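Have a look at the structure below before the remarks.
The values are calculated or read from the model by the stated rules, or taken from the named source; none is laboratory data. Since the structure is predicted, the reported quantities are computational estimates derived from the model, not experimental observations. Don't worry about glycine lacking a Cβ; one is built from the backbone with ideal geometry, like all the others, and counts go over all protein chains shown. In case anyone asks, the SASA skips ligands and DNA or RNA and just uses the protein heavy atoms, side chains included. Shrake-Rupley method; radii C 1.70, N 1.55, O 1.52, S 1.80 Å.
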There are 4 protein chains.
Amino acid sequence: MGSFAGHALPGGFFLFVGLWWSIKSSLWHLTRRNKSIGSTRLPSRAVQRRLEIIESSVIVFFSVVGIIAEQFAANGPKLQLFDYTENHWKDMMNWQHSTMYLFFGLAAAVSLIVHTTAAAPLPLDRLMLGLAFFNEGFLFFYHLHGRTTLDVTVHQLLLYAIFGQALVAFLEVFHRGNAILELIRSALTILQGSWFWQIGFIMYPPNGPQWDLNDHSSVMFVTVCFSWHLMFALLFTGLVYSAVGCVVRARLRRTPPMEMGLLSNQEREIWSQRMKSYEKYMPGFILMFSYHSLLDSVTKEKCIGNNSREMKGTF
Amino acid sequence: MGSFAGHALPGGFFLFVGLWWSIKSSLWHLTRRNKSIGSTRLPSRAVQRRLEIIESSVIVFFSVVGIIAEQFAANGPKLQLFDYTENHWKDMMNWQHSTMYLFFGLAAAVSLIVHTTAAAPLPLDRLMLGLAFFNEGFLFFYHLHGRTTLDVTVHQLLLYAIFGQALVAFLEVFHRGNAILELIRSALTILQGSWFWQIGFIMYPPNGPQWDLNDHSSVMFVTVCFSWHLMFALLFTGLVYSAVGCVVRARLRRTPPMEMGLLSNQEREIWSQRMKSYEKYMPGFILMFSYHSLLDSVTKEKCIGNNSREMKGTF
Amino acid sequence: MGSFAGHALPGGFFLFVGLWWSIKSSLWHLTRRNKSIGSTRLPSRAVQRRLEIIESSVIVFFSVVGIIAEQFAANGPKLQLFDYTENHWKDMMNWQHSTMYLFFGLAAAVSLIVHTTAAAPLPLDRLMLGLAFFNEGFLFFYHLHGRTTLDVTVHQLLLYAIFGQALVAFLEVFHRGNAILELIRSALTILQGSWFWQIGFIMYPPNGPQWDLNDHSSVMFVTVCFSWHLMFALLFTGLVYSAVGCVVRARLRRTPPMEMGLLSNQEREIWSQRMKSYEKYMPGFILMFSYHSLLDSVTKEKCIGNNSREMKGTF
Amino acid sequence: MGSFAGHALPGGFFLFVGLWWSIKSSLWHLTRRNKSIGSTRLPSRAVQRRLEIIESSVIVFFSVVGIIAEQFAANGPKLQLFDYTENHWKDMMNWQHSTMYLFFGLAAAVSLIVHTTAAAPLPLDRLMLGLAFFNEGFLFFYHLHGRTTLDVTVHQLLLYAIFGQALVAFLEVFHRGNAILELIRSALTILQGSWFWQIGFIMYPPNGPQWDLNDHSSVMFVTVCFSWHLMFALLFTGLVYSAVGCVVRARLRRTPPMEMGLLSNQEREIWSQRMKSYEKYMPGFILMFSYHSLLDSVTKEKCIGNNSREMKGTF
């Protein structure tokens, strides 16, 4: 994939997935915490399942697209493994990437089965996700043979993020629904995405001069830079969490708790209608959420301060 | 063991054990889940114990056969350790393999003691199994000295499967009866078996040209190939699980739940009779199961769809 | 930071923090254990929260000071990253140290948010602390390139302490409030602090002759010396624990248990007043505690013997 | 310590401790399981505590003796660290060994405090034991610089046993009283002891020819041999467990359960008297137990078979 676009594409994908996971985790965790106050105006278990199914379908779709692109693009191997004329294995890079996509596709397919039927035990989706990340790290690990110092270093740093994701996903098999683990996984996914972009900028600078790939001060800068990416990912996830928190609490405040019992059936219907309309416009859904949270945090800056007092009892 | 047969033999054995474990785990897990519907038509705890005893006896038998074969075959050391004429240790390969078999034999013997008497704590069988796998990996690890790059790589990849099995078995000491862990152990056993075959085909191709053992593209292909074996093992285990699920549910549907209370004693007898006949023909048992599941999945293709609705309540 | 002061400064800071954490952990654990006897004369949950807030504020303050000092001191990079005249990265050492401080500052800021508002889940403070230690170890690890054997060894030994702290902090995410883990974390922090001083004395001896940096017996001495530091840290933490234990029990003995019910409200007020005065004089607080415990252990040497009998029932 | 005796001495000590731990663990575990049948004739909690105190005292005593011997024997450093005449560190080997003994002594001293007073939390003894083993492994690890291949290999294999013990002891901090973990720790201690003897025989053969320290077949034999030691340690621990089991059940069978209620007070007194006499003659105690179990297993060979049926209910 030795090109800027080849690193920016997966980077963008992981950034997007990380953002989506951080929104989803925050949303489920915060609505679960607020259930005692007014669960009827919050997304129900059925909505949660439907979102999981949509998410898995999207990932399956993109994996298939990715595999086809890797195989049949200009220089792809076109499903041929061995080059009999030159007597060696052909386009191993593309096959490696196809295999990575295949594992992510399999993980999403299993998640689809888990959430549509009752045929498989629930923690299987996290196990397969962990395996997909482990496999990605495993292939990257045997990918680094015979490169320059800086190239090896930036890809080794990527392995921290990838194996971290695998580890957290495996822990989730045993501690499912733990908010901390889910948010850490989101943050590490964002880290992987942003570091892919950074690798692209370091190895194939789109404009500006080439880096000196053997300068020791470059290696030192790169490790420091990775720390900054980690910090950015953590802060960003925290920001998303608090933004979603503001939206959820704002929604709860709008209807006074007294009328809740009376309106519950009707309300639930309205909410589920609204959720369905969200689902129709998946990309718009995320934008809308970001917009809402932005709006909320600007106009009601002190909502954390006000609500946190009210919330304390539910801890 | 430097031969194709020397890798195909243990490979075949592990493939068989992996298949058997995946059937067993699926069967216990699915009958436990369906207990509330009609436990009388499903294998009882006594049957489970009897199967464990048979399994352990078979493994003890094969370990003894393996040790004898390693020691007394054409080029074996015939229980002699040191060659005083040439002043060095004799046939260390054979002694290593004998030691591996010895550990698996010991693990099976302990399992036999655990399941026939009450003299030992229950999780001891998994601990010994974990130790047997750990010992196998440990001996392989000190086995790789001074070989070609490709040879070292394929055996290193084998270590991922072996140490994975050891880790999962150790986890089972603390999380006994976890369906996910048992299925993962089965999948890793199948992976080990199929990778043994792959090593045989790579290092000692039975027909066709030799591989170029120092070509870097070969090393890259081998890592990708290992990923495919892992995926195959996972998919195969999943297939076995769902096939067993179809058989179990088909069996439950045949008798209407109303008559269950009336027939229970008689039914139980019939079932236990049938299980005993299964035990008599162990190899046939597995074939029959595979056949049943194949038949079921062909003739009642939608059994997952139909039953999954009914099953949801038991979750 | 290649100087004695550059190692003595963080060393002193970690020694101080380790001492403070060991006092705090001992205090909370011992008051929790003695709650059944007379909880009213012991610090309440509100006091605990207030101390956490003060601690976090102090750490945030020192991190900001540290970052400013690293950036704007005599040879600092003054927020410039790249030296365009010499075409390489500038003062990477200072940037590394700034990043370490930044992570500790972030961890303390998150702890501040966790303990002042209800916006974030509670275990987040330990997770961020673990990440800050992990990041410190990570940057030190990529810091060791191209130095003498002894220099690499002493910094590798430091990594044992740092990664140990990170591991314990991550374990605390799942086992919060475990006294053993908190005390081990304190002991490892003291170890890190004292070992920083030792590194200063080895690499930059302030007076006396230089060490022979390539003598093998020096490397052997250094590993033995690290063991002694570990033992010192453990013993010191144990001493602090037993001293705090003496103070807590002496305080409980002063008022007879009969009057406890009558005095509880007034007592609580007095205690909380006293705690507030402690908080005003943070550094004095620690000195006072040390003094109290010293006084107690000298004048009532047998307090452990006497009290331990009384305590047994509460186990 | 480069001599046969220098390896046989610690080896013998660890063999003895491993034997004692396996007896102790088996005894507590089996009496706890049989409590429902007739707890009055079995050692009580007070006896358990007293034995722990005796054990810790013995270990403290031997550590002090070991340190004094290392320091003041013929070639010891006599508490001098630095040789100013030759300007290098003096007798680092002896200092390393003294430090190892010091850590074991500290662990035993902490165990003494934990079991005599209520001043320290209970799991602290296992934590300190784990640290003592970790420290032993840590010092051995930095001990291997610049030796022959075979010498490095045999000491690396020792590290498996030592770090295994440390890991199990750390796990016991969280899973205290787990029979499996305690027996594994005993087995690894026996392994460490027997491997120390093996190292002595390999590196300094007391009679017979020297080994060829650079022959590759020697390295292969040594790894296989380590597996056999592990198997021997496991089998031996299993044997001790079943022997103790026979003794405990034989003792329970002697008095018919009916009279138990009537005799309980008197019986308890007799038993505690007997236990006290055991304690007086510590070494004799172990011999007696071994003798009893031998006698029992010879004269009543089928005691496992007979009793296991009766025991099943208590599982």
(request) With a point put 7 Å past each Cα toward its Cβ, work out how far B:Arg32 is from B:Leu122 in nm, to one decimal. (result) 0.9
(message) At 1.4 Å probe size, with the rest of the protein present, what percent of the exposed accessible area of region B:4-253 is carbon and sulfur atoms?
(response) 69
(request) Please give the per residue accessible area of region C:4-253, computed with a probe of 1.4 Å over protein heavy atoms only, in Å². (result) 38
(request) Please turn the phi angles of region C:146-160 into ³J(HN,Hα) values with the Karplus equation 6.51 cos²θ - 1.76 cosθ + 1.60 (θ = phi - 60°), one per residue in order, whole Hz, x for glycine and proline. (result) x, 10, 6, 4, 5, 4, 4, 4, 5, 6, 4, 4, 4, 4, 4
(request) Go through region B:82-92 residue by residue and turn each phi into a ³J(HN,Hα) via Karplus (6.51, -1.76, 1.60, θ = phi - 60°); whole Hz please, and just put x for glycine and proline. (result) 10, 8, 5, 6, 9, 6, 8, 5, 9, 6, 4
(request) Give me the Debye-computed log₁₀ of I(q)/I(0) at q = 0.17, 0.25, 0.27, 0.33 Å⁻¹ for region B:190-232, equal point scatterers on Cα only, no solvent, two decimals. (result) -0.49, -0.95, -1.03, -1.15
(request) Using a/c under 1.5 as the rounded threshold, could you call region C:215-255 rounded, prolate or oblate? The axes a ≥ b ≥ c are square roots of the C-alpha gyration tensor eigenvalues, and prolate needs a/b larger than b/c, oblate otherwise. (result) prolate
(request) Kindly identify region C:49-202 as rounded, prolate or oblate by the Cα gyration tensor criterion: order the square roots of the eigenvalues as a ≥ b ≥ c, call it rounded if a/c is under 1.5, otherwise compare a/b with b/c, prolate if a/b is larger, else oblate. (result) oblate
(message) For peptide B:114-121, what's the mean number of Cβ atoms from other chains within 10 Å of each residue's Cβ?
(response) 6
(request) Quote the FRET efficiency, to the nearest 0.05, computed for D:Ala109 versus D:Asn87 with a Förster distance R0 of 45 Å and r equal to the Cβ-Cβ distance. (result) 0.80
(request) Loop only per DSSP, at most 13 neighbouring Cβ atoms within 10 Å: give me the GluC sites (Glu not before Pro) in region D:63-155, ordered by residue number. (result) D:Glu86
(request) Could you grab the relative contact order for region C:138-240? Cα pairs under 8 Å, six or more apart, rounded to a whole percent. (result) 35
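Can you check what the net charge comes to around C:Gln96, using other residues whose Cβ is under 10 Å from the Cβ of C:Gln96 (Lys, Arg +1; Asp, Glu -1)?
-3
Mind checking region A:48-94 for trypsin sites (Lys or Arg not before Pro) that DSSP puts in a loop (not H, G, I, E or B) and that have at most 13 other Cβ atoms within 10 Å?
For trypsin sites (Lys or Arg not before Pro) across region A:48-94 that sit outside H, G, I, E and B with at most 13 neighbouring Cβ atoms in 10 Å, the list reads A:Lys78.
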(request) Collect residues whose amide H, placed 1.01 Å from N in the peptide plane, falls under 5 Å from the amide H of C:His88; neighbours closer than 5 in sequence don't count. (result) C:Asp83
(request) List, in order, the whole-Hz ³J(HN,Hα) value for each residue of region D:107-123 obtained from phi through the Karplus relation with A = 6.51, B = -1.76, C = 1.60 and θ = phi - 60°; use x for Gly and Pro. (result) 4, 5, 5, 4, 4, 4, 5, 4, 8, 9, 10, 9, 6, 10, x, 4, x
(request) With a cut-off of at most 12 other beta carbons within 10 Å, and DSSP calling the residue loop, which chymotrypsin sites (Phe, Trp or Tyr not before Pro) in region C:58-139 qualify? Please list them. (result) C:Tyr84
(message) Could you compute how much accessible area chains C and D hide from each other, both sides summed, with a 1.4 Å probe? Nearest 100 Å² is fine.
(response) 2900
